[in-house]
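This report refers to the structure that appears directly beneath it.
The values are calculated or read from the model by the stated rules, or taken from the named source; none is laboratory data. Source: prediction; values computed, not measured. With ideal geometry, Cβ positions are generated from the backbone for all residues, glycine too; neighbour counts draw on all protein chains shown. Accessible surface areas use protein heavy atoms only, side chains included; no ligands, DNA or RNA. Shrake-Rupley method; radii C 1.70, N 1.55, O 1.52, S 1.80 Å.
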Amino acid sequence: MSGAETKHPKNPAAIKARAEELLARYKPLISDWDTFLDVLVRPKPTCIVANAPRVSRERLSELLSADSPTLTPVPWDSQALRVPNDARPGTWWAFLAGLYQVQEEASLLPTALLDPQPGERILDLCAAPGGKAARIAMAVGRDGTVIANEKEPRRLSAVRDKMKRLGLVNLTSTVHDGGDYPLEAGVFDRVLVDAPCTSEGTKFRQGAGYQGSAPAFLSWIAGQQAALLRRAAELVKPGGRVVYATCSFAPEENEAVVDRVLAELDGMLVPTAVRPPGLPPSAPIGSWGGRTFDQGVQAGIRLWPHTHGTGGFFAIALDKPADAPAPTTEATRHADPWSGAPATWISPVLEKFDLAGDPLAGLQVIERGDDLQLVAETHSAPARPAPVSTGVPARRARNRTPKPSTSLALMVGQHARRRVVEVTAEQRDAYQRRQAIQPSDTQLAACRNDAHLSDGIDPTGAIEQGFVLLRYRGIPLGAGFLRPGPPAEIESQYPRAWKL
Ligand SMILES: C[S@@+](CC[C@H](N)C(=O)[O-])C[C@H]1O[C@@H](n2cnc3c(N)ncnc32)[C@H](O)[C@@H]1O
C-alpha cells in the first residue's frame, strides 16, 4: 500500500510532436518554447492537500514519512505538499483514512484566489469531480456551506466519494446548467467558476492521440463560459467574490471571456489582483487576434509549464462592490428533510465506544433514502435546485444491528475510549484491503466490555462480539467486526467501493 508506482508519459517524443503542431499558435507568447514542450509532456506536479479539520500539513508530512520521505510544502498554499512524480498518493493508507485529497499543483490556483473563509456560503458552479469543492468545504468548516453544482449527473459520484472519505458534512451537490442556475438558490459569499474548457493545459497527459479542439468547439465553449460567469456575477452578494478559471492556454477562453463579460456587466464585477505569496507572478495576455483586452484583466494569473513547471492554468478574482444593488429574487432554503430523523437514532451505534467530548456537536441527522446522514446544523442548502446529496452517511436507517459507516468511524474514531484497536502497519494495510486481521492478546484485551483505555485494562471483563474501531498511530481507519474466537478475528468493514 505504501509502494510507489512510476507514472511514465506515454511516448513523450510523439506527444511533444503533437503538442508542437496543436499549440503552434501560442509560440509568440512563450519565451522558451522547448522548455514549454518538454514540461508539457512530463507528468505534472501532484500535491496532497491536508484535510485541515482532521490533520495539519506538518502532522500529515510526519505521518507519511515512511510512505514518501520527500514531501515538500507548496510555498503558496498552506495546506499542500508536493509529492514526487513517481508516487501514487491516492494509494497511501492516509488517503484511504480521509486525511487528504490529491490535486494537480496548477489546480490549487483557483481556490487560492477564491480565499474561502470559515462560516461562508460558497457555490462551485462547475464542481465535478469535486477537488476544489472539497478544498473549499474544508476551509469554510462546519459552520459554512458549500453547494457543488454540476451539469452532468453521472460525474457527481466522484464528488460523493470525496464527501464520504473526507467527512464533508457541510456540502450539498446539485445538478443544473450553471449558466442558468436558479437565483432562488440565494446569494453566496463567493462563487467559483472552474469552467468547462478545451483543457489544453492538461490534456496532453492523454497521450499523442489527443486531437485538440475544433474552432467551432472553441467558440461554443467560450459562449458557455461567458454565460457561467454572468450568472456567477448575479449569484454573488455585494462585497463577495467570483473566481473564473480554466485549464486552457487559449486566450479565447480566458482573457477574452473576462473582457467580454466585464464590458457587459459595466462595473458589477471589479478585477482584483490577488497574488498568493510565494507564487512566481505571471501576467495574463494583453491582446490577441487584433483585440486589446480591458486593463483589468491583468489582475489575473496565468500558470505556464515553462515558468511554473505545472500544467497551464488561468484564474482571475472578480469582486462585487459592497455598494452594488442586492439581488431582488427571494431565496428559498431547503427545509425538509433537514428536520428528519431523530438524533437518537445514531446513539446505539456509538454508545459502545464511549466517546470523549461530543465529536458530533453542531451536526443533525437526516434520513435520505436508506441512510441516516450527518449534516451541519447550520447547513444552508437551496430548495431549488433540489439537493442531490447532502452530508455523509452515518448508518443504514433500518439495519437491525447498528453498524457505523466508515465515514462515521473516521469522524469519531479519534474520540473513542472503548472497543478501539490500535493496529500495526501490516494490520492497517490488510484492513484497508478488506482482509481479516488477527488481534494480539493486548489488542483483544482493549476490547473487553469494561476496558477503558484511559484507566488501563481490566482482564476480567467479557469480550463481546461486535463492532470495534481501528486506529493507526491514533488516526482512525474505520470499523471492524470482532469475533472473540478462539481464534479471535476482526473482519474488515472497509467499504468495498473504497478499496484499491
Ligand atoms: C473543469 S471541470 C471542473 C473541475 C472541478 N471544479 C474540480 O476541481 O474537480 C468543469 C466541469 O463543469 C461541468 N459543466 C460543463 N458545462 C456546465 C454547465 N453549463 N453548468 C455546470 N457545469 C458544467 C463539466 O461536466 C465538468 O465536470
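Rounded to the nearest 20 Debye, what is the dipole magnitude of the stretch 343-404 about its Cα centre when Lys and Arg each give +1 and Asp and Glu each give -1 at the C-beta? If you can, show how the numbers build up before the last one.
On the way: 8 positive and 7 negative charges, 64 e Å.
Taking the Cα centre of the stretch 343-404 as origin, the dipole is about 300 debye.
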With at most 12 other Cβ atoms within 10 Å, longest stretch of the chain clear of loop GluC sites (Glu not before Pro) (DSSP) | 6-329
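So, R0 is 35 Å and r is the distance between the beta-carbons of Asp32 and Tyr210; what FRET efficiency does that work out to, to 0.05? The partial results should precede the final answer.
Details: r = 22 Å, r/R0 = 0.63.
Once rounded, the FRET efficiency stands at 0.95.
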In degrees, nearest ten, helix 255-265 long axis to first principal axis of the chain (Cα) | 90 degrees
Could you give the distance between the Cα centres of the stretch 77-99 and the stretch 108-145, to the whole Å?
-> 19 Å
Residue by residue through the stretch 291-296, the couplings from Karplus 6.51 cos²θ - 1.76 cosθ + 1.60 with θ = phi - 60°, in Hz, x for Gly and Pro, are 10, 9, 8, 3, 4, x
If one computes the Cα centroid of the stretch 176-231 and of the stretch 240-312, what distance in Å separates the two points?
-> 15 Å
For the chain, the Debye formula with one identical point scatterer on each Cα and no solvent gives log10 I(q)/I(0) at q = 0.06, 0.09, 0.10, 0.11 Å⁻¹ as -0.31, -0.67, -0.81, -0.95
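Ignoring any ligand, DNA or RNA, what whole percent of the accessible area of the stretch 343-404 comes from carbon and sulfur when the probe is 1.4 angstrom?
Details: 1350 of 2850 Å².
It is 47 percent, rounded to a whole number.
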The helix 12-22 Cα axis meets the longest alpha-carbon principal axis of the chain at an angle in degrees, between 0 and 90 and rounded to 10, of 40 degrees
Given q = 0.25 Å⁻¹, what are the Debye log10 I(q)/I(0) values for the stretch 343-404, with equal point scatterers placed on the Cα positions and solvent ignored?
-> -1.13
Mind jotting down the distance between the C-alpha centroids of the stretch 36-50 and the stretch 380-417, whole Å?
-> 35 Å
What are the residues whose amide H is under 5 Å from the amide H of Val270, where those residues sit 5 or more places off or on another chain and H is modelled from the backbone?
-> Asp319, Lys320
Calculated log₁₀ intensity ratio I(q)/I(0) where the Debye formula runs over C-alpha points of the stretch 1-108, q = 0.15, 0.23 Å⁻¹ | -0.70, -1.16
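Determine, from the Cβ-Cβ distance of Ser78 and Arg384 and an R0 of 35 Å, the FRET efficiency 1/(1 + (r/R0)^6), rounded to the nearest 0.05.
Details: r = 36 Å, r/R0 = 1.03.
Result of the calculation: an efficiency of 0.45.
Mind checking the per residue accessible area of the stretch 357-399 for me, 1.4 Å probe, whole number of Å²? Working shown, then result.
Working: 1670 Å² over 43 residues.
Solvent-accessible surface per residue comes out at 39 Å².
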For Arg471, the residues 5 or more places away or on another chain with a placed amide H closer than 5 Å to its own amide H are Val421, Glu422, Val423, Leu477
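Using the C-alpha gyration tensor of the stretch 115-221, what are the square roots of 5 times its eigenvalues, in whole angstrom, with the largest one first?
Working: eigenvalues 150, 55, 29 Å².
Taking √(5λ) for each Cα gyration eigenvalue gives 27, 17, 12 Å.
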Antiparallel bridge percentage (DSSP; both residues within the chain; nearest 5) | 70 percent
Count the DSSP beta bridges whose two residues both fall in the stretch 61-205, then state the antiparallel fraction as a percent rounded to the nearest 5.
-> 15 percent
For the modelled label position 7 Å from the Cα of Ala462 along Cα-to-Cβ, which residues of the stretch 416-448 have backbone nitrogen atoms closer than 19 Å?
-> 418-420, 444-448
Nitroxide proxy distance, nm - points 7 Å out along Cα→Cβ at Arg396 and Ser440 | 3.5 nm
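Over the stretch 149-283, with every protein chain in place, what whole percent of the accessible area is carbon and sulfur at 1.4 Å, could you tell me?
Solvent-exposed carbon and sulfur of the stretch 149-283 make up 53 percent of the total.
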Viscosity 1.306 mPa s, 10 °C: Kirkwood-radius Stokes-Einstein D of the stretch 344-500 over Cα pairs, µm²/s = 97 µm²/s
Longest principal axis of the chain (C-alpha) makes with the long axis of helix 215-235 (C-alpha) an angle, in degrees to the nearest 10, of 70 degrees
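Return the percentage of antiparallel bridges among DSSP beta bridges fully within the stretch 189-328, rounded to the nearest 5 %.
Numbers: 14 of 19 bridges.
Rounded to the nearest five, the antiparallel share is 75 percent.
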Mind giving me the nanometre distance, one decimal, between the label points for Glu377 and Glu21, set 7 Å out from Cα along Cα→Cβ?
-> 6.2 nm
Per residue, what volume in Å³ does the convex hull of the Cα atoms of the stretch 63-138 enclose?
-> 111 Å³
Hey, got a sec? Which trypsin sites (Lys or Arg not before Pro) in the stretch 381-423 land in a DSSP loop and have at most 12 other Cβ atoms within 10 Å?
-> Arg398, Arg400
